[in-house]
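J.: Right, I'll just put the structure down here and ask away after.
Since every read-out is calculated from the coordinates, none of them should be taken as a lab result. Remember, predicted model here, so these are calculated numbers, not experimental data. Heads up, the Cβs are rebuilt from the backbone with ideal geometry, glycines too, and the neighbour counts pull from every protein chain shown.
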Amino acid sequence: MEPTEVSFDSLKLHPNLLKGIHSLGFIRPTPIQAQAIPHILAGRDLIGCAQTGSGKTAAFVLPILHKLLHSHLKKNCRSLILAPTRELALQSMDHLKALSKFVHLRGTAIFGGVPMQPQIKDLERGVDIISATPGRLLDHIYAGRIDFADLEVFVLDEVDRMLDMGFLPDIKSILRLLPHKRQNLVFSATLAPDIRRLVDEILKDPVVIQIGRPQTVAVGLRHAIYPVPRHLKTDLLLELLHGQKMTSVLIFSRTKHFADKLASMLERRGLKVSVLHGDRSQGQRLRALESFRQGRNQIMVATDIAARGIDIDNISHVVNYDIPATPEDYIHRIGRTARGEDATGDAFSLVDREEEPLVKDIERALKQTLPRVTLPDFDYKKSAPPKTHHESHHQRPSHHGPRRNHSGGGGGGGSQHRHGRDRRGNRESR
Ligand code: AMP
């Protein structure tokens, strides 16, 4: 993330926010911060096209805090940040709390999978800012615990991901409850037509800020495609794990079921493994992330729920056990490694013959041919073991189908999408 020539002082933020910024060691605003903050302070609606890692959270959090500090104190919530996943909702609130260390504003994160009571307590005490996932937020709203009459600023973060996960009906329900007069900020990695339509409905005369190309790949990232028959993928993975210095490995599985299965298998081989997907409880997810982040577990097996928004330093390898259904998903997955300036990382993809067309799509999007790698000592001719193999459970992507259907294939995103229709159906508390 390259800093800018602009100084934080020149953005005219409240002095106590500058203290917070300095206490985090931020020297200069990132491009999205330098460009977005003045417009947000001026009250404009805004679309920010930027990835996680660009500093986009502070780009909206800082001006929101500044504005709330200068407006009259109210009983009700004055700013709402909607996020697609519990992790992102929590991450944004943590960042907000760190930046607001020297100001007296109250924020809370609202998401499913954890007991209601502490959230109810926070809401009863009164909060200025809520960072929430849609399902649990609606539960609190319908129980009469949140009143948005005083809402000033509404943020939709990672709206592309939200639409992928089937949150559109929830977003619309929430929008109906917000006051007409408000400021709207929308952040998205891409501006596909369905996102544009929603954005056009929500925003009034927005400023559009595009940081970098929407689909970029870190310079220090090395791709490798490992062609392998499907029934030998696990063997090849083990070979890779044993043969290379893979200090911190994020393995993507298309389905939750297979993520669990692969994790147990790796654990039986003596490896330390975290698992992250949409069926795990909030506590399990946080513990999985922490063990992986702190290096206690060398491996994390995850569905695409971890492909965006998760900010963990020093992931040495991303392994695609299955090739993702779209180039965009590939770019998001591999973006978990080689983070930060000068960082390097490897993205390995295990690809059977039927997945080759998806690799071609990725190569077209990246405008490069990805190197094919074969392991000299690996027996590619081994026959499939009898029936017990995972393949019977494992769905494969269809090529060129609609994107939603891909993400509905049983992975983290898929489960969310399915549950998305069942709005009050405990989507986030599973
Ligand atoms: P985000 O894109 O909001 O997820 O931010 C990515 C990371 O960049 C977070 O770890 C932030 O703490 C960090 N960050 C945000 N703004 C700055 C800044 N101006 N200078 C240095 N680091 C920053």
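J.: Quick one: what does P(r) look like for the stretch 3-210 with 5 Å bins over all Cα pairs, in whole %?
T.: With a bin width of 5 Å, the distribution comes to 1, 7, 17, 21, 22, 17, 10, 5, 1, 0.
J.: With 10 angstrom as the radius, rank LYS381, LYS97, LYS256, LYS204 by how many other C-beta atoms surround their C-beta, starting from the fewest.
T.: So the residues, fewest neighbours to most, are LYS381, LYS204, LYS97, LYS256.
J.: Then there is this: Would you work out the charge dipole size for the stretch 221-393 about its Cα centre, treating the Cβ of every Lys and Arg as +1 and the Cβ of every Asp and Glu as -1, and quote it to the nearest 20 debye?
T.: Using Cβ point charges on Lys, Arg, Asp and Glu, the stretch 221-393 gives about 380 debye.
J.: For the stretch 221-393, compute Rh as the Kirkwood radius over C-alpha pairs and then the Stokes-Einstein diffusion coefficient at 25 °C and 0.890 mPa s; write the answer in µm²/s, rounded to an integer.
T.: After rounding, the answer is 150 µm²/s.
J.: May I ask you to evaluate 6.51 cos²θ - 1.76 cosθ + 1.60, the Karplus curve with θ = phi - 60°, for each residue of the stretch 320-335 and list the ³J(HN,Hα) values in order in whole Hz, giving x for glycine and proline?
T.: Along the stretch 320-335, the couplings run 8, 5, 10, 6, x, 6, 9, x, 4, 5, 4, 5, 5, 4, 6, x Hz.
J.: If you plug each phi of the stretch 53-68 into the Karplus form 6.51 cos²θ - 1.76 cosθ + 1.60 with θ = phi - 60°, what whole-Hz ³J(HN,Hα) values come out, in order, with x for Gly and Pro?
T.: x, 8, x, 5, 4, 5, 4, 9, 5, 4, x, 5, 4, 4, 5, 5
J.: Can you list residues from other chains, or at least 5 along the same chain, whose modelled amide H is less than 5 Å from the amide H of LEU156?
T.: The answer is LEU82, LEU185, VAL186, PHE187.
J.: Quick one: what are the phi-derived ³J(HN,Hα) couplings along the stretch 185-191, Karplus 6.51/-1.76/1.60 with θ = phi - 60°, whole Hz, x for glycine and proline?
T.: Couplings: 10, 10, 10, 7, 6, 9, 10 Hz.
J.: Among MET265, MET165, rank each residue by its count of other Cβ atoms within 10 Å, from fewest to most, as a rough exposure measure.
T.: Listing MET265, MET165 from fewest to most nearby Cβ atoms yields MET265, MET165.
J.: Okay, moving on. Taking H placed 1.01 Å from N in the peptide plane, check which residues at least 5 places from MET300 or on another chain put their amide H under 5 Å from its amide H.
T.: Long-range HN contacts for MET300: VAL249, LEU250, ILE251, SER274.
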